[in-house]
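Engineer: Below is a structure I'd like to ask you about.
We did not get these values from a lab; they are worked out from the coordinates using the rules stated. None of these values were measured; they are calculated from a predicted model. Cβ coordinates were reconstructed from backbone atoms using ideal geometry, including for glycine residues, and neighbour counts include every protein chain displayed.
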Amino acid sequence: MTEKEERILNASKEIFLKFGYTKTTMNDIAEAVGISRPGLYLIYPKKEEIFKALILKLSKELSAEVKKRNAKVKEPLLKLREVLNIWVVDMYTLLNQSPESAELYENQFCFTKKCMQKSTELFISDLEEVLKLFPSKSFNDNIEPKDVAVIISSAVIGIKKQVHHLDDLKRNIDLLIRICIKI
């Protein structure tokens, strides 16, 4: 990624958080970066492309943050909670700063399907890495860590759609952990 692409994605993150995807314009992004709109179009021909690139960039940053924080943690359960805090709780908090940014958390845009799939794969990978640290008897009927990771990821998608407050999200994540892992 070039330095200019990095600047565009960093600036667009702030703009998308402020206005949401729908209300953000290419002109808003160009002004925030300090380049002309035609200059922006040379790098990213569509707002959709910026948004998709931003999703992938943020996903990689989340995964890197998981590895960084979990390097300091020894207990598998605490590592699992950290993965869920970073990927779910922190993102919920970030993306629900305003009614406009809440649209980003719901992410119902058809054009983001592939990049959201890649993001989900990174999340599942982070979950699986931690779940492999648990003794096999921690899972019902010797279910494999990869399967538990997929179930947790899928359940989180449903939980995010149902909750209206951060406390509800945290409570449901705690319940999910207790359902999936024998503590």
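Yes/no per residue for (1) over 30 Å from Val130 (Cα atoms); (2) free of Cβ contacts under 8 Å to residues at least 24 places away in the same chain; (3) not polar (S, T, N, Q):
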residue	(1), (2), (3)
Tyr41	yes, yes, yes
Lys52	no, no, yes
Ser59	no, no, no
Asn70	no, no, no
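Engineer: Then there's this: Could you tell me which residue of region 134-183 is surrounded by the fewest Cβ atoms within 10 Å (Cβ to Cβ), considering only residues that are of a type in the set (Ser, Thr, Tyr) and within 28 Å of Leu95 (Cβ to Cβ)?
Structural biologist: Ser154
Engineer: Same structure, new question: With the requirement that a residue be buried (at least 18 other Cβ atoms within 10 Å of the Cβ), closer than 24 Å to Leu166 by Cβ and more than 13 Å from the chain's Cα centre (by Cα), what does region 47-80 give you?
Structural biologist: Selection gives Asn70, Lys79, Leu80.
Engineer: Could you tell me which numbered condition Ala32 fails, if it satisfies all but one of (1) surrounded by 15 or more Cβ atoms within 10 Å (Cβ to Cβ); (2) at positive phi; (3) small (Gly, Ala, Ser)?
Structural biologist: Of (1) surrounded by 15 or more Cβ atoms within 10 Å (Cβ to Cβ); (2) at positive phi; (3) small (Gly, Ala, Ser), only one is false for Ala32: (2).
Engineer: Now for a different question. Tell me which helices (runs of 4 or more DSSP H) are completely within region 78-183 and hold 1 or more residues being without any contact (Cβ under 8 Å) to a residue 12 or more places away in the chain and among the charged types (D, E, K, R), or say none if there are none.
Structural biologist: Where helices (runs of 4 or more DSSP H) fall fully within region 78-183 and carry at least 1 residues being without any contact (Cβ under 8 Å) to a residue 12 or more places away in the chain and among the charged types (D, E, K, R), they are 113-131, 145-162, 166-180.
Engineer: What do you reckon, is Leu131 buried (at least 17 other Cβ atoms within 10 Å of the Cβ), in contact with a Lys or Arg (Cβ under 9 Å, 6 or more places away or on another chain) and either more than 23 Å from Phe51 (Cα to Cα) or of a type in the set (Ser, Thr, Tyr) (or both)?
Structural biologist: So Leu131 passes the test.
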